[in-house]
Each structure stands twice: as C-alpha cells, then as structure tokens.
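Here is the structure we will look at.
The values are calculated or read from the model by the stated rules, or taken from the named source; none is laboratory data. Every value quoted in this text rests on a predicted model; they were computed, and no experiment measured them. Methodologically, a virtual Cβ is constructed for each residue, glycine included, from the backbone with ideal geometry; neighbour enumeration extends over all protein chains shown.
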Amino acid sequence: MNPLNHVAIIMDGNGRWGVRNKNSRNAGHKAGLNTVEKIIKETIKNKIKFLTLYAFSTENWKRPKKEIKFLFNLLESFLEDKIDDLNKQKIKLKIIGKKNFSLKLNNLLKISEKKTSKNKRLQINLALNYGSKSEIINAFKQLEQNKETINEKNLNKYLQTKNIPDPDLLIRTGNTKRLSNFLLWQLAYSEIFFEKKLWPDFNEKDYNKIIRKYRSIKRNFGSI
Ligand code: FPP
C-alpha cells in the first residue's frame with residue numbers, strides 16, 4: 001500500500017456550481033468553503049500530514065473585482081472564525097504565494113501562520129496569489145545570486161514548498177484536465193486524479209474513493 005503524506009487539490013468548479021444552483025458565482029465560493037472544511041476533517045482522519053489547497057492563482061486577478069473581493073472577504077472571515085479551532089486541532093497553516101493583499105488580510109495571514117507554526121498534526125498549505133512558473137524563476141534567480149550550483153537539492157531550497165515533501169496525490173475537481181500553473185516542479189511524480197464533480201459537490205466519500213485507488217497503484221518512479 002502506498003504511503004500518503006501529501007495531498008494537493010485544485011478546487012475547481014465553484015463558479016459553475018454557484019451559477020447552476022443559486023444563480024451566483026459567489027454562492028459557489030461560499031459552498032466551496034464548506035467542502036474545504038469537510039476535506040480538512042477527512043484528511044486528518046486519514047492521518048495525512050500535508051494538504052495543499054489552490055485557493056487563488058496569480059491568474060485569478062483577471063476575474064471581476066467584485067468576485068475577488070468576495071473571495072478575500074470569505075477568507076478573512078474564515079480565518080477570524082476558525083483559526084483558534086484549527087490551532088486547537090494542532091493544524092499548522094502555511095501560505096504559499098505572494099502575500100500582497102490588503103493590510104488587514106496580510107496581517108491576518110501572518111498572525112495565523114505564526115499562531116499555528118508549531119503544530120504537527122496536519123500542515124495546510126494555502127496557495128494564495130500563487131503561480132508555479134514565477135516560483136521556479138525566483139528560485140533560479142536566488143541560486144544565481146548566491147552563486148550556488150544548479151541542482152534539484154539547491155533549487156528545492158528556494159521554492160515556497162521548501163521542507164514540504166512533494167505531493168503524492170493531486171486531485172482536480174470540476175471536470176477539467178489541466179494543471180493551471182500549480183506546483184509544476186513538485187508534481188513531477190504525483191498520481192493525478194481528475195474528478196468530474198464540481199468542488200462544492202465533492203464529498204468525503206469521493207475523497208476516500210480516490211485515496212483507496214491511489215493506495216492500490218503501483219508507483220515505480222521510473223523503475224519497473
Ligand atoms: C475555482 O473555481 C475556485 C477558486 C478560484 C477559489 C477557491 C476558493 C474556495 C474553495 C473557497 C474559499 C476557500 C478558502 C480557503 C477561504 P472557479 O471559480 O474557477 O470555478 P469555475 O471553473 O466553475 O468558474
């Protein structure tokens with residue numbers, strides 16, 4: 001049975017769900033947050049140590065201002081309401097991506113990371129204003145500045161995922177098969193599952209079904 005230390009998820013389909021069910025894309029994001037909470041609980045039950053969630057890409061800035069504002073307000077209230085609870089559950093929160101939001105959100109993110117930094121049960125990496133290509137370019141620039149040899153080990157030191165093992169499993173919901181500039185380096189040997197359901201409809205049963213399938217795969221990392 002394959003060990004499972006790190007699950008990464010592209011939570012796609014909120015907008016379509018919202019339009020279909022409530023005539024509002026934002027309602028889809030709100031429903032998507034409920035799925036986030038369910039999946040966190042299930043990740044703990046499965047004793048998985050790292051969960052990386054793609055919440056906002058560098059390309060998502062192209063969305064209407066109203067939707068962006070709604071998403072960040074949702075994140076703010078989520079952190080204000082739940083960070084103590086996450087802390088009690090021994091969950092560590094780490095932001096990957098550039099924190100260049102409002103002063104209030106930047107502070108809230110920093111405080112949340114600091115408060116939970118010693119927790120060891122589950123680490124949630126929230127990818128916010130994250131883009132994998134610029135992450136890789138930055139890492140190369142740092143190697144150059146520090147005159148270090150270009151190799152995998154040195155490059156890994158300058159990625160935002162430093163000290164985080166590569167994802168074993170990537171799940172993308174929403175019936176779309178692409179990586180959308182997410183963890184391009186880190187996903188080199190991950191098992192990838194594309195799920196037809198939209199993120200707000202994705203549930204514990206679907207998650208466990210994928211985990212079971214993942215565990216039964218023969219992973220040979222290029223060998224036979
Ligand atoms: C992609 O669906 C989803 C996002 C860009 C936002 C993800 C946000 C959440 C799951 C809720 C908030 C989470 C936190 C942690 C506060 P989409 O809008 O691109 O869907 P579409 O493809 O149907 O348009």
Query raised in the report: Can you pull out the residues in the range 20-53 that are in a helix (DSSP H, G or I), more than 17 Å from the chain's Cα centre (by Cα) and among the polar types (S, T, N, Q)?
Result: Asn21, Asn26
Query raised in the report: Residues of the range 10-32 being more than 6 Å from the ligand (Cβ to nearest atom) and under 10 Å from Trp199 (Cα atoms), which ones?
Result: Ile10, Trp17, Gly28, Ala31
Report summary line: Note: among Ile136, Ile124, just one is surrounded by 14 or more Cβ atoms within 10 Å (Cβ to Cβ), away from the ligand (no atom under 15 Å from the Cβ) and of a type in the set (A, V, I, L, M), namely Ile136
Query raised in the report: How about the range 100-143: which of its residues are more than 26 Å from Glu59 (Cβ to Cβ) and not in a loop (DSSP other than H, G, I, E, B)?
Result: Ile111, Lys114, Lys115, Thr116, Leu122
Query raised in the report: Can you tell me which of Thr35, Thr43 is within 17 Å of Ile171 (Cβ to Cβ) and away from the ligand (no atom under 12 Å from the Cβ)?
Result: Thr43
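For (1) crowded, with 16+ Cβ neighbours inside 10 Å; (2) touching a residue at least 12 places away in the same chain (Cβ under 8 Å); (3) basic (Lys, Arg), each residue gets a yes or a no:
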| residue | (1), (2), (3) |
| --- | --- |
| Lys62 | no, no, yes |
| Leu71 | yes, yes, no |
| Glu80 | no, yes, no |
| Ile96 | yes, yes, no |
| Ser102 | no, yes, no |
| Lys110 | no, no, yes |
Query raised in the report: Based on what the data block shows, is Glu76 surrounded by 14 or more Cβ atoms within 10 Å (Cβ to Cβ), within 18 Å of the chain's Cα centre (by Cα), part of a helix (DSSP H, G or I) and within 15 Å of the ligand (Cβ to nearest atom)?
Result: yes
Query raised in the report: Only one residue in Lys177, Lys209, Lys218, Lys141 is over 19 Å from Asn2 (Cβ atoms), away from the ligand (no atom under 16 Å from the Cβ) and exposed (fewer than 15 other Cβ atoms within 10 Å of the Cβ). Which one?
Result: Lys141
Report summary line: Residue pairs within 6 Å by beta carbon, gap of at least six or interchain, first lying in the range 115-131 and in contact (Cβ under 8 Å) with a residue 60 or more places away in the chain and closer than 10 Å to Leu93 by Cα, second buried (at least 17 other Cβ atoms within 10 Å of the Cβ) and among the aromatic types (Phe, Trp, Tyr), listed first then second, are Gln123/Phe50
Requested in this report: Could you grab me the full set of residues in the range 1-36 that are modelled with pLDDT of 95 or more and of a type in the set (A, V, I, L, M)?
Outcome: Leu4, Val7, Ala8, Ile9, Ile10, Met11, Val19, Ala27, Ala31, Leu33, Val36
